[in-house]
Amino acid sequence: MTGYLPDHGDGGYRVAHYDLDLDYKPHTGRLGGRATLSAVASAPLTRVVLDFDALAVSRVLVDGKPARHTHGGGKLRIRPTRPVDGPFTMEVRYSGVARPIRTRHWGELGWDQLADGALVASQPVGASSWFPCNDLVRDKATYRISVTAPSSYVVLANGVQVEGRTGGSSTTWVYEQAEPMATYLASVQIGQYVRVPLGGGQDVAAPARLVRDVRHDFARQPRMMTVFEELFGPYPFRAYQVVVTDDELEVPVEAQGMSVFGANHVDGRRGHERLVAHELAHQWFGNSVGLADWRDIWLNEGFACYAEWLWSERSGGPTAAVLAERARARLTRAPQDLRIGDPGVANLFDDRVYKRGALTLHGLRTRQGDLDFFATLREWTDTHRHGTATTADFMALAQRHTTYPLSLFFRSWLEEPHLPAL
Ligand SMILES: [Zn+2]
């Protein structure tokens, strides 16, 4: 069975580690980079293909030796002087004005210039706008990301900040992401931000003008973290950073150990708190337990959407049962022509995948009962922690936690377009 994006990535090797050294000039949008990839080939390769889009490549080394290469059509094709086999390294130097990638189904993705700074929002195929990569969703790697920017800017990247060097007009920020990460979740955020502490070791980077509203809107996030750890198991990463950009964003963006909101998602009235819950839940569902293929996107979005309802239930709002009834009523008025277990590339982020995915989990909860349902979720996040998993894995795991036969239930919710009853 071929995956959803067969022209992305290269199954002939995997990347264990990305070391990215970047230099960014916010006023011109110029990005200079040196990417060093530690990779492992499963069989001898005479050619190695990386996904890499717009920026100009000046030099490629394989195991320290210059290698011939061609660059075009979103691919960097490298011909090492002798075939690689087992572990090898690739170093790519590049520069140019960084721009997002235009996609047919999902708009512009990847590195994007803000009014004053930059953000990265890559899901699903934007990573190659800012670094050369093996853009397979299942090929997770560790990262070190170093970014040099003018000293008036704050730079955030995935993982834990390990270094900050100020050289007068510019500052170098270094982050280490020790837990394996999918390429689409790699992220850099650059802006004129101040840090708003929330307690519990959490804070939000936001423009000064939004500090008061941010403090109010994110005040319950530490409590949310406690509730989710109780329901889903331990938070899977060492850091959780939140960024609110000065610009408006269509939707918030999840990255590993990080979530990014637009100024329009902050109103001083917690009007978007469900999105705070949604993005936090992705740390367990999508980021730690990753997808083996985009076909199973409901494992990310259905779970994050159901976490919104769980947070509502646990924080004095409507119960998940009430929210499920409402969501189902709205879905009855939408076209019933989507199979959320295989929605098609064009419909990956269709709202019906989110809502019907959450309804599937609510239906499962009513059949299993709370005890077995939450035990299923915790075993899911534990068994596949920092790995990848499939819908078949989830169905088998859920079945192990109940004597209720689930195969017809899952088939009707995930594989048939017609909307089942709750
Ligand atoms: Zn989501």
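The values are calculated or read from the model by the stated rules, or taken from the named source; none is laboratory data. Because the structure is a prediction, the values reported are computed rather than measured. So basically every Cβ, Gly included, is an ideal-geometry build from the backbone, and we count neighbours across all protein chains shown. Areas reflect the complete protein model, heavy atoms only, side chains present, ligands, DNA and RNA absent. Shrake-Rupley method; radii C 1.70, N 1.55, O 1.52, S 1.80 Å.
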### Message
How big is the dipole moment of the chain about its Cα centre under a simple scheme where the beta carbon of each Lys and Arg is +1, that of each Asp and Glu is -1, and everything else is neutral? Debye, nearest 20, please.
### Response
440
### Query
Of G73, G32, G126, which is the most mobile in a GNM of the chain whose springs link Cα atoms less than 10 angstrom apart?
G73
### Query
Pick from R330, R365, R195: which is most flexible by mean-square fluctuation in a GNM of the chain where alpha carbon atoms under 10 Å apart are linked?
R330
### Message
Run lengths n ≥ 4 of DSSP H only: what is the helix-derived mean residue ellipticity at 222 nm for the chain, with -39500 (n - 2.57) per run over all residues, to the nearest 500?
### Response
-7500 deg cm²/dmol
### Query
Any idea what % of Cα-Cα pairs in the chain are farther than 32 Å?
37
#### Entry: Among G72, G387, G33 - extreme Cα towards positive end, dipole of the chain, charges at beta-carbon
G72
## Note on the structure
Hull surface over four for the Cα convex hull of region 193-283, reported in nm², is 5.2
### Summary
The aspartates and glutamates whose Cα lies under 20 Å from the Cα of K65, excluding any fewer than 8 residues away in the same chain, are D19, D21, D85, E91
## Note on the structure
Taking a ≥ b ≥ c as the square roots of the eigenvalues of the Cα gyration tensor, with a/c under 1.5 meaning rounded and otherwise prolate when a/b exceeds b/c and oblate if not, region 290-415 is rounded
### Net charge of neighbours whose Cβ lies under 13 Å from the Cβ of M224, counting Lys and Arg as +1 and Asp and Glu as -1
-2
### Message
If packing is taken as the average count of other Cβ atoms within 10 Å, what order do 57-70, 384-397 fall into, highest mean first?
### Response
384-397, 57-70
## Note on the structure
Heavy-atom accessible area of K355, protein chains in place, probe 1.4 angstrom, given in Å² to nearest 10, is 40
## Note on the structure
Largest fluctuation, T148, T319, T403 only, Gaussian network model of the chain with Cα springs under 10 angstrom, belongs to T403
